[in-house]
Amino acid sequence: MRLGSVVLGVTDMERAVDFWCNALDYRLRDEEAGETWSTLVPAGAHGTEIGLQLSQTPPQDRPRVHLDLFAEDAAEQSAQADRLIALGAERVDWDLYPPDADFIVLADTEGNRFCIVDTAHGID
């Protein structure tokens, strides 16, 4: 068995497809976004698919599952956070940051939480 895709609930399929394709250099696996389901794949390399599924359930403030996006160091982490915010993400006022946090919490255009992690702190 292997991990096939990570699925995110969305309320605006076009907006979510646009955000994640631009955020991660992904593309639609099929030619166009579906009404209730779309699959995104890396544009030029192997990697995990992202499924976008139409949902009427609001995103959780403290989700049990989320995406971690890896940055090489603090400078790249900051630059990527700024880039993703320019694409429509929002900073999350996260009250659980430890004093030496190596991650930044953002929300995508649908409110789904994700982190940008500075891997210079020793992520394997």
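The values are calculated or read from the model by the stated rules, or taken from the named source; none is laboratory data. For clarity, every value in this text was computed on a predicted model and none was experimentally measured. Every residue, glycine as well, gets a Cβ built from its backbone with ideal geometry; the counts of neighbours run over all protein chains shown.
Observations on the structure shown:
- Failed item, numbered, when GLU76 is tested on (1) assigned to a loop (DSSP other than H, G, I, E, B); (2) of a type in the set (D, E, K, R); (3) at pLDDT 95 or above: (1)
Per-residue answers, yes or no, for (1) in a strand (DSSP E or B); (2) modelled with pLDDT under 95; (3) closer than 22 Å to GLU90 by Cβ; (4) charged (D, E, K, R):
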{"residue": "LEU3", "(1), (2), (3), (4)": "no, yes, no, no"}
{"residue": "VAL7", "(1), (2), (3), (4)": "yes, no, yes, no"}
{"residue": "ASP18", "(1), (2), (3), (4)": "no, no, yes, yes"}
{"residue": "ALA23", "(1), (2), (3), (4)": "no, no, yes, no"}
{"residue": "ALA45", "(1), (2), (3), (4)": "no, yes, no, no"}
{"residue": "GLN53", "(1), (2), (3), (4)": "yes, no, yes, no"}
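- Options VAL92, VAL65; residue that is out of contact with any Cys (no Cβ under 7 Å at 6 or more places or on another chain), of a type in the set (A, V, I, L, M) and modelled with pLDDT under 95: VAL65
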